[in-house]
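Undergrad: This is the structure I want to talk about, given as structure tokens.
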Amino acid sequence: MVGVNVMGQTTIYSTNFGTTAVTSSSTFVAGWTSPNYQTVGTNPTNMTISTSSSSSTYSTPITASGGVNLADGSSSPAIGTATATLAGQVNTTGYTTIELAFGYRASSASYTATVTLDWSPDGSTWNSISLGTLTRDGSWRSINGSNWLSLPSGAENQSNLRFRFTFGRTSTSGNFRIDDFTVRGVSQCSTPETVTSPSASNGSSQSLITWTNGACYDQMMLVASTSNFTSTLPSGDGTAYTANSASFTDTNNTAFDGGVVLYKGTGSSATVTSLTNGTTYNFKIYTRKGTSWVASTSFSATPALAEYFWDADANTTSGTGGTGTWDVSTTSNWRTPSSTGALTTWSTNTSPLAAVFEGNAGVVSIPSGTFTAPNFKFNTTGYTLATSSTITTVLSGSINLGNNVGLTFSPTVSPNVNTTTSGTVSVGSISGSGTANIIINSAQGTAVNVAQRLNLAIANSSISVPINIVSVGGTGTGTVAGIVGTAVGTSLS
């Protein structure tokens with residue numbers, strides 16, 4: 001195994017000794033050999049790849065793989081020396097800080113053989129590696145108290161770094177087992193690698209930038225611009241460029257190639273803020289190694305205001321809008337942050353964000369309660385907001401009608417019913433453009449109170465579009481729908 005990054009280190013070589021027991025060959029697995037392989041069952045110097053006593057329990061700094069393991073052979077008291085050598089597999093060229101780890105098991109305290117491990121750059125000169133005190137109790141554990149063993153600098157930049165285990169038995173029983181032998185080092189690359197998969201999301205006044213780092217880098221630098229980038233690369237060791245914050249408008253950020261430096265570091269994401277919705281921003285990520293730089297391709301995002309979009313049937317294939325009940329937390333008939341976003345209930349709109357009614361116009365039935373948004377936007381003409389005659393519904397926010405859009409308020413009162421409770425919709429300002437207007441449906445009953453009404457309940461609110469009160473039937477002495485202003489500074493214009 002090669003090329004696995006682990007916390008700044010790279011795994012150069014790792015083996016779990018395969019899956020099959022080996023007792024009749026001097027070659028165990030690729031690169032591992034022993035002149036002492038098992039030829040006679042109780043030969044005191046034999047070595048085997050064994051299925052007995054599979055590795056377990058250790059997980060730091062390497063994880064027990066189970067399966068087979070490398071073991072010295074005889075389980076009867078005997079005298080002899082066995083060796084197992086690894087060669088032709090470990091190439092540390094371009095790596096420094098070489099370390100190794102493995103799991104081990106000494107069968108019991110009665111196993112008194114000496115166990116040594118050496119390394120060699122050439123197969124002739126061997127250098128010992130201190131293994132510390134070995135615990136001999138029949139349990140698996142990682143060598144060196146679960147810490148990596150460090151090798152000296154001579155083990156660096158070796159095209160064929162060799163290792164040799166030696167087991168010296170002096171009238172001992174039991175055996176010693178090894179598994180998950182792993183070597184790692186720090187890559188000494190020199191050419192920076194371009195990041196891959198850069199992307200930018202379209203948030204509200206912001207964009208989440210993500211990318212995947214290459215294998216060789218000291219630092220990444222993110223630049224944003226409203227103009228197209230040139231082929232200019234940064235220079236030097238990066239200290240000339242400052243990313244004070246990820247805010248596009250932060251004047252303490254360094255300018256570069258017509259844009260602004262927004263991030264410097266070794267991470268793989270950044271959230272850029274203070275963007276203008278509706279404006280397209282171009283991004284580029286520069287990778288530095290030493291004083292060498294490379295650049296990603298340019299990619300872009302157009303931030304947009306996040307809003308809640310009414311989708312009565314919760315089916316984007318038929319478009320948003322439609323007829324349904326606007327409840328608080330029961331029905332997932334809203335989409336955010338866009339008209340094709342995820343379905344959710346109104347109760348999740350805690351920021352709050354604007355409510356948008358567009359697509360297919362329909363009758364939206366609203367129960368009692370307060371529904372809060374900075375704006376209630378009606379972009380399609382023909383919507384009706386229907387409420388019960390015995391409740392008060394509060395739309396806490398401004399109502400904005402699109403160009404030439406008509407909106408109907410329809411408190412549901414049966415004609416000629418002697419009701420003593422009026423249906424009220426409390427609203428803030430209502431505005432629009434072109435021929436935008438509102439209609440209030442009125443059913444005249446026998447009671448003397450107002451059966452339906454709009455209440456301007458937010459201070460200084462106003463209605464600046466034409467108002468049409470339409471009879472939907474009924475006779476009697478009861479008054480028809482009306483408009484009242486209970487908050488300070490309300491007005492009609």
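The values are calculated or read from the model by the stated rules, or taken from the named source; none is laboratory data. Computed from a prediction, not measured in an experiment: that's the story for all the values here. Don't worry about glycine lacking a Cβ; one is built from the backbone with ideal geometry, like all the others, and counts go over all protein chains shown.
Undergrad: Exactly one condition in (1) crowded, with 17+ Cβ neighbours inside 10 Å; (2) assigned to a strand (DSSP E or B) is false for D118; which is it?
TA: (1)
Undergrad: Conditions: (1) farther than 18 Å from R184 by Cα; (2) surrounded by fewer than 17 Cβ atoms within 10 Å (Cβ to Cβ). F165 meets all but one. Number of the miss?
TA: (2)
Undergrad: Scan (1) within 30 Å of T348 (Cβ to Cβ); (2) not assigned by TED's automatic domain parsing to the domain that holds F371 for the single condition T291 breaks and write down its number.
TA: (1)
Undergrad: Sticking with this one: On the given criteria, is R141 out of contact with any strand residue (DSSP E or B) (no Cβ under 6 Å at 6 or more places or on another chain), basic (K, R) and surrounded by fewer than 21 Cβ atoms within 10 Å (Cβ to Cβ)?
TA: Details: out of contact with any strand residue (DSSP E or B) (no Cβ under 6 Å at 6 or more places or on another chain): yes; basic (K, R): yes; surrounded by fewer than 21 Cβ atoms within 10 Å (Cβ to Cβ): yes.
Spelling it out, R141 is indeed out of contact with any strand residue (DSSP E or B) (no Cβ under 6 Å at 6 or more places or on another chain), basic (K, R) and surrounded by fewer than 21 Cβ atoms within 10 Å (Cβ to Cβ).
Undergrad: Got a sec? Which of T60, T96 is assigned to a loop (DSSP other than H, G, I, E, B), loosely packed, with under 15 Cβ neighbours inside 10 Å and in the same structural domain as T15 (by TED's automatic domain parsing)?
TA: Numbers: T96 fails: assigned to a loop (DSSP other than H, G, I, E, B).
Testing whether each residue is assigned to a loop (DSSP other than H, G, I, E, B), loosely packed, with under 15 Cβ neighbours inside 10 Å and in the same structural domain as T15 (by TED's automatic domain parsing) leaves just T60.
Undergrad: To continue, here is another question. Take the residues in the range 197-248 that are within 18 Å of the chain's Cα centre (by Cα) and of a type in the set (S, T, Y), then tell me which one is nearest to Y95 (Cα to Cα). Before the answer, list the steps.
TA: Applying the first criterion (within 18 Å of the chain's Cα centre (by Cα)) to the range 197-248 yields 197-203, 206-213.
Next cut, of a type in the set (S, T, Y) only: 197, 199, 201, 207, 210, 212.
Values: S197: 27, S199: 32, S201: 38, S207: 38, T210: 29, T212: 23 Å.
The qualifying residue nearest to Y95 (Cα to Cα) is T212.
Undergrad: Would you mention how many residues in the range 421-440 are surrounded by fewer than 21 Cβ atoms within 10 Å (Cβ to Cβ) and modelled with pLDDT under 80?
TA: Residues meeting the conditions: 1.
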